[in-house]
Amino acid sequence: MKQMEEMILREGKVLPGDILKVGSFLNQNINTELLAQTGAEIARLYEGCGVNKILTIEASGIAIAAAVGLAMGVPVLFAKKHRTSNVDGDVYVTEVHSFTHGADYGVVVSKDYLLPSDRVLLVDDFLANGNALRGLIDLCDQAGATLVGVAIAIEKCFAGAGDELRAQGVRIESLAMIESMSEHEIVFRS
Ligand code: 5GP
């Protein structure tokens, strides 16, 4: 999506460790016009696919997922980060390795909200090494829900996980696909 790429070029900052900082429009100070365009574009891409639920992971995926849910007219569910030693039987639980914090954490979702009858679209802000996404896919599998596809605001293609998951048959739509990035240049996949 042109607007996402332009905003990344204008306001994104590449930090050491292959981190793209987008706090000025996506992760902290949210540009609501871009957010609405993001929701509308993802809704367009998955129109007619029978999606009845959006699933994301707290915290940074929630705003985008809400925009998509509004545009598609479906509820938005977010998986919560949780200490895995302290969960009861009413939740599905999985382990995720955090890209930004370098540690593992538990992620849970209530069995009441993710159902075998659900046709789920997974939404997140970034796709890098794919750990967050694999965790969400695992939660869907545990629930017996159908994974319709994935929508990502910014994919770091150079990390490889997006193409790996596509090769395994997962539909992934990313609005900005970064092929390479450095302090001086950000190159998008054409
Ligand atoms: P993955 O699990 O695919 O390695 O990383 C995805 C998660 O890590 C996303 O939910 C996002 O919050 C965070 N993340 C990964 N790369 C970046 C980045 O370059 N910038 C920011 N702000 N977050 C990132």
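The values are calculated or read from the model by the stated rules, or taken from the named source; none is laboratory data. Quick caveat, the model's predicted, so the values are computed rather than measured. Backbone-built Cβ (ideal geometry, glycine too); neighbour counts: all protein chains shown. We work out accessible area using only protein heavy atoms, side chains counted, and drop any ligands, DNA or RNA first. Shrake-Rupley method; radii C 1.70, N 1.55, O 1.52, S 1.80 Å.
Some notes on this structure:
- Restricting segment 2-46 to residues that are more than 16 Å from the ligand (Cβ to nearest atom), open to solvent by 80 Å² or more (accessible area, probe 1.4 Å) and within 18 Å of the chain's Cα centre (by Cα) leaves a set whose member that is nearest to residue 189 (Cα to Cα) is 44.
- Segment 47-58, subset β-branched (Val, Ile, Thr) and outside any loop (DSSP other than H, G, I, E, B), residue surrounded by the fewest Cβ atoms within 10 Å (Cβ to Cβ): 57
- Residue pairs whose Cβ atoms lie under 7 Å apart, separated by 6 or more positions or on different chains, with the first residue in segment 125-137 and of a type in the set (D, E, K, R) and the second open to solvent by 30 Å² or more (accessible area, probe 1.4 Å) and near the ligand (Cβ under 6 Å from one of its atoms), are 125/27; 125/60.
- In the set (1) away from the ligand (no atom under 13 Å from the Cβ); (2) surrounded by fewer than 17 Cβ atoms within 10 Å (Cβ to Cβ); (3) on the phi < 0 side of the Ramachandran plot; (4) not polar (S, T, N, Q), the condition left unmet by residue 169 is number (3).
- Unique match (being open to solvent by less than 10 Å² (accessible area, probe 1.4 Å) and either more than 9 Å from the ligand (Cβ to nearest atom) or farther than 30 Å from residue 12 by Cα (or both)) among 118, 141, 112, 163: 118
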